[in-house]
1. So how far apart, in nm, are the two label points at residue 113 and residue 408 if each is 7 Å from Cα heading toward Cβ?
2. Restricting to the chain, compute how many DSSP beta bridges are antiparallel as a %, nearest 5.
3. Note down the relative contact order for the range 432-587 as a percent, whole number, built from C-alpha pairs under 8 angstrom at least six residues apart.
4. For residue 416, what accessible surface area do you get with a 1.4 Å probe? Give it in Å², rounded to 10.
5. Between residue 426 and residue 616, how many nm apart are label points set 7 Å from Cα along the C-beta direction?
6. Can you give the helix-only mean residue ellipticity at 222 nm for the chain, where every DSSP H stretch with n ≥ 4 adds -39500 (n - 2.57) and the sum goes over all residues, rounded to the nearest 500 deg cm²/dmol?
7. FRET efficiency for residue 357 and residue 546, Cβ-Cβ distance as r, R0 = 56 Å, nearest 0.05?
8. Name the long-range amide H neighbours of residue 40: under 5 Å, sequence gap of 5 or more, or other chain; modelled H, no Pro or chain starts.
Amino acid sequence: MPLPKAITAYTLAEATSVVAQLRQQVRQYAQAYYTKDAPLVEDAVYDDLYQQLQQLEAAFPTLITSDSPTQQVGGTVLAGFSKVTHQEPMLSMGDVFSFGELAQFDERMTKAITRPTEYNVELKIDGLAISLRYQAGKLVLGSTRGDGAVGEDVTANLRTIKSIPQELAEPIDLEVRGECYMPKRSFEALNAERDRNGEAVFANPRNAAAGSLRQLDTATTAKRQLDTFIYTIVDAQRYGISTQADALKQLRQWGFHVNPEAIVARELTQIHAFIEKYQSQRDELPYGIDGVVLKINQLALQAELGNTVKVPRWEIAYKFPPEEAQTILQAIEWTVGRTGVVTPTAVMDPVTLAGTTVARATLHNVDMLREKDVRIGDTVLIHKAGDIIPEVSQVVLSKRPATAEPYLVPTTCPSCGSKLIHLADEVALRCVNPMCPAQVKEGLTHFASRNAMDISGLGPKVIAQLYDRHLIKDVADLYRLTATELAQLDKFKEKSINNLLAAIQRSKQNSADKLLFGLGIRNVGAKAATLLLAHFGSIPALMQADPAEVVAIKTIGQTIGDSLTAYFANDQVQELIRELTAAGVNLNYLGRLTEAQDNFFKNKKVVLTGKLVHYTRSELTQKLSDLGAQVVGSVSAKTDYLIAGADAGSKLTKAQQLQVPVLTEDAAQQYLNEVK
Ligand code: IVH
């Protein structure tokens, strides 16, 4: 958030008062963050305020005081651990949030050093900075950063961390610095255990790492499975090292854990590519990162450039958009799904999360709601689950308003008002009224969706209007819709009416597996629908089939068999099928469009692995199957190709061992594009 008005529009008096306010806020937030490991706001809010303060101070230099947070480096030392004065101060780092600001940094560097600028580009590990001192090769002191000048002696705790060498092969005096962090797996295991024991869970791996390092009982630290990445040799030139890249190599040789993802780059384009790569892959890394650090590679140049009061001039952090945010819960909305499951959604004050504005987040189910004891007015922590859907991860209990009342879970369906029930061994709350309007609309939307009848232009909004105007009540009604009826809908003009009618018309020709899936029979997914129809050839044949024959089909089990039997036994369903038949909807399986024309993938056994960027897994699987390839799960000597995206693991190794040809996703895309 920028300042409410342009810097130049501030009078000195206004600036004085805003600066005072900003300082007070920044101090409060910094203290909570640095010394209590209990941030009061998301990092981005803090960064914003800090930047505003910096901007105002730059415009009104007379307002700068030596005790302004911009002139200091952090919090204070906690009681309980003895203090350590750092021989070299542990500075902080300047940061930028856009490629534009990064270019400005690069320009400053290029001007200052008049030589081709070379950077060592590293990941910014999301943990806490530590310093390790060795005398005659033996670890003698380990400390936290503290306020940058004075830190805490956490030697005993650091000794419990496996990646920290207690003794080096050479009897040298040395000080190194790096990041102590908690791997995501340890974090999840720790929180799961704390949750089981009814203890408060940690908000994120960084807080968990900081909390774990400050244990008075080192046995506790040991159990927490912390790890380190070391990235700095203090006074590296003493050891004959002349670049940061060589420093990392030397650290590795000395036996420190050094992050492998670093490059030397001269061009901003290379750096942009590095940033983009890790920004999109950060979820897959086993540890948290919150940005990328650029360091002038030549140590002599670093020394020439020197430091400001607070930060080295020769390095900068590019910070990723935050993936976690705090906001206030204003309401809980309940939605009824196609199968009657009722799910809670949090409606919150909008916040920026991973670069987008978010005002809604899933609360998953009633059990989770009860377990987290989420209340209206609570401050909640939200994060993006698996990249896309924001989810409420935690209530910030310290900020709960005194007036917040326990939330009362609804007992009746928000759509039809019938009583909600809990089916045996289900966490979900269900509306079991088959006529429930919300469920019917969801069912109709599913019918029209891409993997089902694929009727474009028939999304949830149009369905809702058609249903609410009593123009449709079931899927057969779709085939009786007229232009006059569609003309009643919002924004429906001649063109959209014709398009929709044509799309509905076209859907009649679909292979019947799409129809079978579209009917939304419990447990019958798209794959099962295709298998069933490839076997029986038509929906009527399936309806008359011996249940034993259904269950005998590979991968179709008793559950699907029972669902089908129950579904088709219903009189209303039989009537629906008759109506669809009468409307001219195809009930026969048409197989893969036709026999696939000759192409690179035809009749080949293909395995997919790694993270794809151009397609989702299911899209690529579909495309390959359409071309007559057989997409299988594991690599064997019979596999024709392995398509490997980023971060491929054991499947790639196996393919290499078996000499199975490996295609990159790009190469696979090329072959796909070649097919008309
Ligand atoms: S260089 C001058 N390299 O980020 C202090 N720091 O926001 C910076 N950090 O305090 C040392 N990864 O705790 C450096 N590859 C990296 C880093 C890194 C994470 C942390 C470090 C520092 C903070 C500044």
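The values are calculated or read from the model by the stated rules, or taken from the named source; none is laboratory data. Just so we're clear, the structure is a prediction, and the values are computed from it rather than from any experiment. When we count neighbours, we look across all protein chains shown, and the Cβ atoms used for this are built from the backbone with ideal geometry, even at glycine. Each accessible area value is taken on the protein alone, full model and side chains, heavy atoms only, with ligands, DNA and RNA left out. Shrake-Rupley method; radii C 1.70, N 1.55, O 1.52, S 1.80 Å.
1. Calculated label separation equals 6.7 nm.
2. Antiparallel bridges: around 85 percent, rounded to the nearest 5.
3. 23
4. Counting only protein heavy atoms, the figure is 50 Å².
5. Distance between the two pseudo-spin positions: 2.3 nm.
6. Calculated from helices alone, the mean residue ellipticity at 222 nm is -11000 deg cm²/dmol.
7. So, using R0 = 56 Å, E works out to roughly 0.50.
8. Answer set, sorted by chain and number: 33.
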